[in-house]
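The values are calculated or read from the model by the stated rules, or taken from the named source; none is laboratory data. The model shown is predicted, which means the values in this text are computed figures rather than measured ones. Neighbour counts run over all protein chains shown; Cβ positions are idealised from the backbone, glycine included. Heavy atoms of the whole protein, side chains included, go into the accessibility calculation; ligands, DNA and RNA do not. Shrake-Rupley method; radii C 1.70, N 1.55, O 1.52, S 1.80 Å.
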Amino acid sequence: MQTFGFFNSVDGDRKYNAAQMTEYFDGLVSNGVYQNVGQAMVITATGGMVVNAGTGRAIIDCRWLKNDAVLPVEITAANAALPRYTAVVVRLDYTTRKMEITTKDGTAASTPVQPTMSNTDDLKEICLAMVYVAANATNITQANITDMRSSSLCGWVTGLIEQV
């Protein structure tokens, strides 16, 4: 079957949906964060159990998220006895039809493991940063934050001719 697009509607004969609109970009750009837009969604410590997500844009499966103001992101309270990692992620949820910057907690353990990113038909995530949450911590510092934007867990958006 052949599909095509886009043409102006004449008397309502053209109707396009989100899948058709995003399909246009399939193969043209990769998943990730735009390196040169805003603050490229950098994650920074602010004091207490909150980090900030900088301004920027991200793409997952040709769906996009624009963060046009610094966004405070609350880190879940620390375990009293064991450390863990919390990922700050961009999450694409097809079930709720939503993209957002949020967190994903790993399991508290004497040797904690970073949480894995979801990549299912319904839920996809890219990791902006891993935050080490020490046992009984009440404050996140910049030293606790590992930038993941240039890693395989996130990556920079590239075009047909890779530019990053």
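Okay, here's what the table says:
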quantity	calculated
GNM top mover of E23, E100, E74 - the chain, alpha-carbon springs below 10 Å	E23
Heavy-atom accessible surface of the chain: percent carbon and sulfur, 1.4 Å	50
Cα pair distances in region 29-92, grouped into 10 Å bins until the bin that holds the longest one, percent each	20, 45, 25, 9, 0
Listed residues G38, S118, A58: farthest to the positive end of the dipole of region 23-131 (Cβ charges)	G38
Choice from G54, G106, G27 with maximal GNM fluctuation in the chain (Cα, 10 Å cutoff)	G27
Solvent-accessible surface (1.4 angstrom probe) belonging to R14, in square angstrom, nearest 10	90
Cα-centre dipole for region 103-164 with unit charges at Cβ (Lys and Arg positive, Asp and Glu negative), debye to 20	160
Of all DSSP beta bridges in region 6-164, antiparallel share, percent nearest 5	95
For region 114-144 versus region 1-66, the gap between their alpha-carbon centres in whole angstrom	22
Choice from Q114, Q20, Q39 showing the highest fluctuation, given a GNM over the chain with Cα pairs closer than 10 Å	Q20
Estimated vicinal HN-Hα couplings, Hz - region 120-136 in sequence order (Karplus 6.51, -1.76, 1.60; Gly, Pro = x)	10, 4, 9, 9, 9, 9, 10, 9, 7, 7, 9, 10, 7, 10, 5, 4, 6
